[in-house]
Structures are given as C-alpha cells and as structure tokens.
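Notes follow the structure.
Rule-based calculations on the coordinates, nothing more; no lab input. Everything numeric in this text was worked out from a predicted model, so none of it was measured. Cβ atoms come from the backbone with ideal geometry, glycine included; neighbour counts cover every protein chain shown.
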Amino acid sequence: MGAPTGNVTLVFTDIEGSTRLWERYGDAFKASLDAHNQIIRKALAAHSGYEVKTEGDAFFAVFARPIDAALFSLDVQRELPGIRLSGEDSIRVRIGLHSGEPLVEFDPQGKADYFGPAVNRAARISAAGHGGQTLLSGAMVEPLREVLSGRCEFHDLGEFRLRGLDEPERLVQMVPADAAVKRFGPLRALADTPTNLPAQTTTFVGRDKELRELRAMLLGDEARRAEESGPLESISRQPGAPDTNQVTREVVARNRGSRLITLTGPGGCGKTRLALALAASVIQHFPSGVWFADLGDARDESDLCRLVMESLGGQLRPGKASPAQQVAWALEQGHSLLVLDTFEHLSRFAPALSLWLRTAPRLRVSVTSRERLRVEGEAEYPVSTLATPSMEAHDVSTSRLSMRVSGYPAVQLFLERASQAKPGFVLTPQNAGAVAEICHRLDGMPLALELAAARLNVLSPQQLAARLEKGFDLIASKSRDKKSTRQTNLRNTIEWSYSLLDPWEKTAFLQLSYFAGAFSLESAEAIIDLSAPLDGAEEAAGDPPEVMDVVFSLRDKSLLALRGDDEKYQFEMLGLIRVFTQERFAKTTSEDFRHALARRHAAHYLERAEALHKLLDSPMSGALKDLEGWGMHEALKAIDFCLASGDMLSAVRLYLAASDLLARATRFREQFDKALAVVKALREREGGLAAAEADPKLARVLAKLLASYASACMRLARIDEGRAAAREALEVAKRLHDAAAEAAALSAAGMIEHYAQNTQGAIELLERSIEVRRKLGDRKGEAGATVNLAIIHERLGEYEKMRALLQEALNTFTRLHDKRSESMAMNNLGVAYERLGDFARAEELYRGALRIKTALGDRLGAVQSLGNLGTLATNRLDFRQAEEHYLKAMDLARAAGDRRSLAHVLMRLAIVNVGTGHSQLALKRAEECCALHAEIGDFQSRVISLSALCAARMACGDEDGARESARELVSEAGERDESLMLEARLRAVLCEPAERRRAALAALPAIDGKKHEDLAAAFQCIWALDENDRAKARAALESALRVPRRWESLADAAYRASQWLRTL
C-alpha cells in the first residue's frame, strides 16, 4: 500500500528489556525476535499499516485511520505472549499511538519517511509505557470507545509531562478485554513534585527486585492498583545466586502500605542509595513533596528536628512548642514522603517519628539505620549485599575466565563504576575471572565495589584481585568530595558500627570472628565465653547476658546476617566485617584466650561431624538434606587447628567424620588435601606411622584413615599414589585386625584398578571387599561395593550382569530404608536398562530417582537424574526435551558448586545446541566444559568435551579451529579405549571439508557392528550425509535411526541426519 499522508496515526513499538534478553539468551533470542517480527508484519498487513522503518527490535508504522492502528495494537498484544523464552521470560512490547499531521519526505525509490513534532510525541508516548502496555494520546481515544466496545478496555491515566516535550499529554491505556495483565507500573514520565533529593552523579544499578518490593510496602493499595511491584511470585533470581525470595515475599506481603519503613543493613551495603532510588521512583505519589535529611551529624533530638525542618525548607522557632511538635505541624497538612538517613545513633529519639505520623495522617517515612527503631507501626526491610558469583576459594583457574558472570548485580555495579574510572572498560573472557573474584571477595558490598572499581585507573582487574589481601587500605577512598568519612572508607564505617556496641556485644562480636562461615545459635553458645568482657571495657560491663540475647542484638544491629529458613536459621558475618573484627580480636586478647576458644570450636564441630557421619550411615540419612550447612567450613578449619596444635587424634577423627560428607558434596580436592595433610602429619611425628599404630587410641582409626586417603586419591585419578595408600591401608588393617577398614581399602583399591584400566584386578578386589563386608554383616557396605562392581561390568559390555548386580543392591537399600542410596542405585539401574535398550524402564527409574532426590533436597543427585533424562532424550533425538532437562541440571549444578557435574551437563548441552542451530551458545558452553574438565583431570569426559568443542567450532564456521581441536581430540583419545578412539576419529571426519570427508571416512579402521553397534550407526549417518544416491542414503539412515541409540558426543550428527531423512 502507499504511504498515508495528512492526518495519520503514528505507532511506535519496542521490546522491553531486549538488551537483557540478548545478553541472557544470545543466539537463542534471534528465533524469538524473528517470531516477533512476523507477528508485527502480519498485523500491519491485516490492518493496512505502512512500515516506515525498523531499528533493532523497534518498529515505526503509520496508519491512515486510528481504528486500524488500534486494531493492529490489539492483535499484536494478543499474539506476542505466545512467544516464550524460558522460565518467566517472554517477549513484552510497549506500543504508543498518536494522531497528527507529520511532515513527510519520499526518497528516490518512493519510500516515505515521517518527522516533526507529531512523530516525536508518538515516540515519547511509547517510551513512557511498559512491556505489554499500549498507550494512546487522549485526543484520539473518544472516537474509538464506541467502535471497540467489548473488544478492549480504556483506562484514563491522567496528564503527564514527557521528556523533551513542553506541553503535558493526557495518556490513555488500551488493553484487550481478555488480557491476563491489565495493570502496569507508573509511567516513565517527568514529575512536578517538590523535592530536595540530592542529584546522583552515578547510575543506580542492581536493585530492581528491592525497588519493586519497597514500592509495594510503601504504597500499599496504590501499588496494587498500579501493579508497580509486579506479582510477588514473579520475583526471580540469577542461576547459582542465593534464593532470598521467600523471606522478602513474606516481608512485603506482611507490610504492604506501611507508613514507616526502616531499611536496615551493615554500613556500606547501599541503604542510602536504595532509599534515594525508592524516593525518586515514587515521587509522583506524594504531591506535597519528597524530602531528604542526612542525620549523620545529629547528636540529640534537637539536632534531629532541626535537620528535618531544614530539609522541609523551614526553621525551628524558639517558643513553647517542642522541636518535635513544630516538625509535626509542618508536616500535618501535606501528603509527603520523608527520607531520614543514618538513624542508628538516634534510635532513642524514634518516638518523635511516631508523633509526626500521628499528626500527619498522609505522611510516609523511609529510614536508613543499622538497626530497627522499635516503634509502633515500623516495618523493617533488611538490605542485603548484592548477589555475587559463587566460587570456591581454590577456584582460580581457567574455568572462571569463561564464567557467565555479567548477570550478577555485584558485577553490574562494578562494571558500571569501572567504566567511569577507566573509560572503555568492559567485561571480557580475559578479565571475567578476576572481576568475579573481586566481587566475591568483597561480599557484593556496594561501597567496597565502588572503591575497588576506582582503582582500575592504575591497576588491572587481575592485579586488583591479587592485592585484595591488603584489605581496607587498598580500597580506601581517595575522593575529595565532602561526604561523611564513614560513607567513603570501609574501615571507618565498620569502626563506627563497632563503637556503638555495648561491652558484652563487643566481647561476643570479637569471638564470633573466629567462625569461618555461617554458624548456628547453638554453635555460638558452644564457643563464646562471656565470663569477662574484652577490649578494655571491664568497669562498664555489668552482669553478663545470655549468648542468645547478644547474638540477636548483633543481628539487629546488622553486624550479623541471618540466613536459612524456618527449619534452620544461621548467622553469618560478612567477610569484610570479619577482617576488621579478626584484627581487633588479635590486638585485644591473649594467645591463651584465643587458643582456648579454638579448642572449644574444634571440640564442638568434632561432636557435630561425628553425629552427622553416624546419621549418614543410618536409615535416617535421607533426613540429611544439607551436606555443608552443618558447618563443613568450620570442621575443615578445626582440622587445621588440631594439626597445628598436635592433637592428632582429634584431627583424624574430624577428617574421618567429614570425609564422606566432602565426597558426597563432590569436594574431592578438599577431601584429598585434608587426607594428605593428616597422613603427612602422622608420618612426620616422632616414630611416624609405627608410633601411631602403637598408640591404642590412634590405632583404632589409623587403618580407616589410610583407606579414606586411598579413596581420595582414587577420586582424583591419582593412580600410583592411590595404589600405595590402599596397599598400606590393607597391611595396617590386617595387623590391627580392623576388618571394616580392610573392606574399605579393598573397595578403594578396586576402583583405583578400574581407573587404571585393570578390569580383572578391579573385579577381584571388589569381590574380596564384598566378601569381607558380608562376613561383617555390613549389608549397606556390601551393596555399595556391589554397585561399584556393576559399573565395572558396564565397561566390559556385560549389561545383563550389570543389571542383575544393581537390582540386588537396590533391593538391599530398599530393605534398609536408605532412600538416598536407593535413589543412587535406581539411577545406575536406569543406565543398565538404557544399555539393554529398554528406554521406557530406564526413564521410569530416572524419574523415580529424581522424585526421591528432590524430596531429600539432594541437589547433586537431582543433577545426575536430570542429566540421565537429558541423555535419554538425546538418544531419542528429542533435542527440545533434552535441552529442558539439561538446563534444569545446569542451574542446579551451578547452585551446588558441583564443577564435575556442571562440566558434564555443559558438554551434553553444547552438543544439543549445535544440533538445534544455536552455535554461539554451543561454543560458549563447550569452551567452559573443556576448561572445567582440564582442571578436574577427568580424562574420559575431557575427550567427549573436546568433541563438543569441535562440533561447536565447526557450527560457528571456524573450520581451522575445529580441525585443530579434532587433532587434540584424537591425540587425547589415543588407543586406551577403543570406543573413545573410534568416537574421536568419527568427530575428526566431521571436521574435514566436504570434498575430503568421504575419503577420511573410508580410511577409518573397520567398526565391529556387533561390538560397537551405536558407533556403527553413527558411521552410517555420517556416510549418508555425503551420499549422492538418495535411495542409498535413505536406506542407510532408516537402518541407523530405526531405534534410539547411545549417540554420545555424535548426537548432533545423528540429529542432522534425522532432519535430512525427512526431506528424502
């Protein structure tokens, strides 16, 4: 159709949050964008719209009639919700309509362009809206109401000043009558409300969720009507970030419409900035003004009232009325918001706020403080630090260079401030690891992040991360502005909080710094000594309180954070606060006092660890949902103390109690390191292991220690070291007549031989272990060794034997009511049925195991079950279902910090992404899994991950890179495992140019179709892709694809072949 002229209706559309969606989904977002474009263009064609231009995801169109523009908008908003990404993400478009007479110009080809005030107004109307919202200028609405009656609803939103326009515009919202969402947040318009809010020189980053929640609390029913905070159920988090949503949902739901909100949190966590951002975001709701008062310099109630009155533009007057009453009268008639900053040292004057709220019924007050005010009607909102990427302390290698960290609020803030200190600074694969470490080490503390980012003008991120041990001095502010020193220096801001504590609070606080991580109230009570105050406060202390009271008081003062849920609350001291407190503790206490505290700490966690280990071996092991929250970090710290102080018996007992818990949490490196440290300390003692064997108490645990050490070596594939440790454990166990330790050593030795490719030796050792356990009556241990034996028969291709052994083990675990072990056996039995070709039974077992593991809170086990379901779907070439399972597994593995499982899932997911055409996403995931496997040292998985990297590089058009990876793949595979060798060479063939592929395929060694049926089928698929005779190709593919197969790393080739078969 031709371009409309004269009085026309101008329409702008724009996807809300498209930049974030591109960042999160990469190439996967392209398909959704294409679908969006199709819907827009289909609606334009249906309603005679003229497409003027597109820019990115935005459309500019013109209609001759307003009714056509309105119908176009309604169609688009109805159709777009059908485009789903994943989770709660979807395509949400804001649309703005305005009628007017724009200027029109035509280019030589007859293409029209529109410009002028009418176009600007239409664009500003669109920009004022939210995703899913359609806004119309008020003048064009009346003719549409009757025509569209029943099909849509119109809501007059009032007049608004729009950016860049002198005159206000009356805006009307139009929504389909059957729309699921009809309320949206406040429009992005300019406000006329009087205010003294200080201008901010930097952007506000990383607190969108908190702003939504606080607006809901502050505005109550007004927020409900405007849907400003969004449904609380929609609050989501970044994969791998901690889930605090349940707590904040409850806080918000309980306190909607609160007139007094106190934002609490430690100094430097961003309370002031959040309060200012909240005030700015709700300014249009307070026509009498939004007023800010900095109370940092106030010392009494008179100062408080003076500063508040000055913020209101007035002065206190001498007279009979008290200062508090004068402020109350100044606020009485208005509908205002008062923002009071830094109130913690004025809490005894908080009743003045109650007076103001009683006198001024439409007043709302927002306060920042390090502790609650404890006045009637107060709603506390704890402000946490920003979420950071989670990583282990030892994780400093290449995997973090490719971590996707940009979605974390702490990283976003650091990058924004870094770009100010060093223009042009961006996140790259080279600096991502260092940036993640900086944010993690600084606890996501906004003040610390801002001060650290300022150092990038002279230091690289890597240098900054390496120097963070300098602590506060490295990130002290060098700014010359007149901010309070407390707000620009971390040491001073923590010192200020510490100075406000009473003597007993200081005493407990100093001792709590000894904890390595989160701790329970019971643990605090076990180690804190309140017999005498510390830090020179003896005379003013008074009688000592209960430890519980002091701990809760420190929590109320924001010096301790509360973690967990109703089942298990724990306290935690932020790392930066701990550094300050540990320094103070070392300066103000004697070495004897500190040693006594460390002994209490070690004794307490030895008792806890042994109790949990006993639970782990009982039918009640399913109740143990959290393998680390009980105090894993504390137990490891206690081992170090016991070794340093020469208490070898406690060190061995602590290690043995924690070892299985470490293994179940896949923390194999730490398990090995602690085992090595304990064994080494025993060897270096006078008399060495012989002396330990002669000690009656150490003799009872020595053989078990050596067997555990052998197992730790096995898990890291340290073959020679593990063999020696297992041999030594067996010898000691026999001399000491410790049959249980002998059985454990035999199991470890068997698995070591398995990893060393000595299959027959592995079988003999495991069968001996089973026999010893049977004589002991250790049915659980016998079943566990039977599972290991089944895994070895899988390598031999004896799948029926594997199935029978696993069924036997499953029956035993079921009789013992050991749900955790039962679900593990179900997973492995599913693998056996999968190998036997019974995919339906395999899926049934995987899903059953997943249900148990989910009920137990066993995230690592759930990852395994989801991964198995994903592989099963991949073998069926159902890549959509496979991706769904793998994505769930990936999120769980990241959240659990399980690098081994994460690498495995990423490898499989990369293959699926190659098959579905998401090549860039596949490449990112393949690179990450290769880096992880290189760190872990898992030979077999690294070979398969290299295959995924070859496929991803080839899909991205990097043929040279793919062939380079293929050469490395073939070299790594070698000749040790025939299946891996053939799989690697088939992948190498796929990396050859099309003209050389057939010859490379012919040069491969013959594949035994009986021994390697699935690889032979993959060979047929690859052969058929280059076969010119379509009948032969079809016959080959039908033969290869007639049943699901274990395609392993060649699944993408099989998937491509299956898609091609449909065209033949």
Can you tell me, using C-alpha contacts under 8 Å and at least 6 residues apart, the relative contact order of the chain as a whole percent?
6 percent
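Where the only charges are on Cβ atoms (+1 Lys, Arg; -1 Asp, Glu), what is the dipole of the chain about its Cα centre, to the nearest 20 debye?
Numbers: 139 positive and 147 negative charges, 130 e Å.
I would put it at about 620 debye.
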How much net charge surrounds ARG700 when only the other residues with a Cβ under 10 Å from the Cβ of ARG700 are counted, with Lys and Arg +1 and Asp and Glu -1?
+1
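Can you give the direction-averaged projected area of the convex hull of the alpha-carbon atoms in segment 501-589, in nm²? Write out the running numbers ahead of the final one.
Details: hull surface 22.1 nm².
Reported value for the Cα convex hull: 5.5 nm².
Which of HIS633, HIS918, HIS817, HIS36 comes first, and how do the rest follow, when ranked by fewest Cβ neighbours within 10 Å? Walk me through the intermediate numbers first.
Values: HIS633 17, HIS918 25, HIS817 13, HIS36 22.
Ordered by Cβ neighbours within 10 Å, fewest first: HIS817, HIS633, HIS36, HIS918.
Could you work out [θ]222 nm for the chain from helices alone, using -39500 (n - 2.57) per DSSP H run of at least four and dividing by all its residues? Round to the nearest 500 deg cm²/dmol. Please list the in-between numbers first.
Values: 45 runs with 596 residues, N = 1064.
One gets -18000 deg cm²/dmol as the mean residue ellipticity at 222 nm.
Kirkwood hydrodynamic radius for the chain: how many Å is it when counted over pairs of different Cα atoms?
Details: mean 1/r = 0.0301 Å⁻¹.
In the chain this quantity evaluates to 33.2 Å.
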Under 5 Å between amide H atoms, partner at least 5 residues away or on a different chain: which partners does VAL365 have, H built in plane at 1.01 Å?
LEU260, ILE261, LEU338
Go ahead and run the numbers for FRET between SER499 and ARG685, Cβ-Cβ distance against an R0 of 56 Å, rounding to 0.05.
0.75
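State the extension gain, in nm to one decimal, for the chain segment bounded by LYS1010 and ALA35, taking 0.36 nm per residue of separation less the distance between their alpha-carbons. Mind showing how you got there, number by number?
Details: separation 975, 0.36 × 975 = 351.00 nm, distance 4.59 nm.
The span from LYS1010 to ALA35 would gain 346.4 nm if fully extended.
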For THR428 and GLU844, FRET efficiency with R0 = 45 Å and r from the beta-carbon atoms, rounded to 0.05?
0.45
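Give me the number: length gained by fully extending ARG358 to TRP329, i.e. 0.36 nm times residue separation minus the C-alpha to C-alpha distance, one decimal in nm.
Details: separation 29, 0.36 × 29 = 10.44 nm, distance 1.08 nm.
Extra length available between ARG358 and TRP329 comes to 9.4 nm.
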In nm, give the distance between the simple-model label positions of ARG374 and ALA677, each being 7 Å from the Cα along the Cα-to-Cβ direction.
4.2 nm
For segment 450-467, Karplus-derived ³J(HN,Hα) couplings (6.51, -1.76, 1.60; θ = phi - 60°; whole Hz; x for glycine and proline) come out as 5, 5, 5, 4, 5, 7, 6, 6, 10, 10, 7, x, 5, 5, 5, 4, 5, 9
GLU884 versus ASP549, label points 7 Å from Cα toward the beta carbon: distance in nm?
5.7 nm
Under the Kirkwood approximation applied to all pairs of distinct alpha-carbon atoms, what is the hydrodynamic radius of segment 8-176 in Å?
16.4 Å
Semi-axes in Å, largest first, for segment 746-822 (Cα gyration tensor, √(5λ)) are 20, 15, 9
Please rank ASP838, ASP57, fewest neighbouring Cβ atoms within 10 Å first, as an exposure proxy.
ASP838, ASP57
Over all alpha-carbon pairs of segment 898-1061, lay out the pair-distance distribution in 5 Å bins, whole %, shortest bin first.
1, 10, 19, 23, 22, 15, 7, 2, 1, 0
Of ALA966, ALA785, THR812, farthest towards positive along the dipole that unit charges on Lys, Arg, Asp, Glu beta carbons give the chain
ALA966
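State whether segment 632-722 is rounded, prolate or oblate according to the following rule on the C-alpha gyration tensor (a ≥ b ≥ c being the square roots of its eigenvalues): a/c under 1.5 gives rounded; otherwise a/b larger than b/c gives prolate, and the remaining case gives oblate. Could you put the intermediate results ahead of the total?
Details: a/c = 1.88, a/b = 1.30, b/c = 1.44.
Oblate shape, in that a/c is at least 1.5 and b/c is the bigger or equal ratio.
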GLU51 to ALA934: extension gain in nm, 0.36 nm per residue of separation minus the Cα-Cα distance?
312.7 nm
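Express the relative contact order of segment 8-176 as a whole percentage, based on alpha carbon pairs under 8 Å and six or more residues apart in sequence.
Numbers: 307 pairs, mean separation 39.3, N = 169.
Averaging sequence separation for qualifying contacts and normalising by length gives 23 percent for segment 8-176.
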Tell me the relative contact order for segment 714-832 as a rounded percent, counting alpha carbon contacts under 8 Å between residues six or more apart.
18 percent
How large is ³J(HN,Hα), in whole Hz, for each residue of segment 721-732 in order, when computed from phi with the Karplus curve 6.51 cos²θ - 1.76 cosθ + 1.60 and θ = phi - 60°, using x for Gly and Pro?
5, x, 4, 5, 5, 5, 4, 5, 4, 5, 5, 5
With label points built 7 Å along Cα→Cβ from the Cα atoms of GLN582 and ARG967, find their separation and express it in nm.
4.8 nm
Least to most buried among MET714, MET824 (fewest other Cβ within 10 Å first)
MET824, MET714
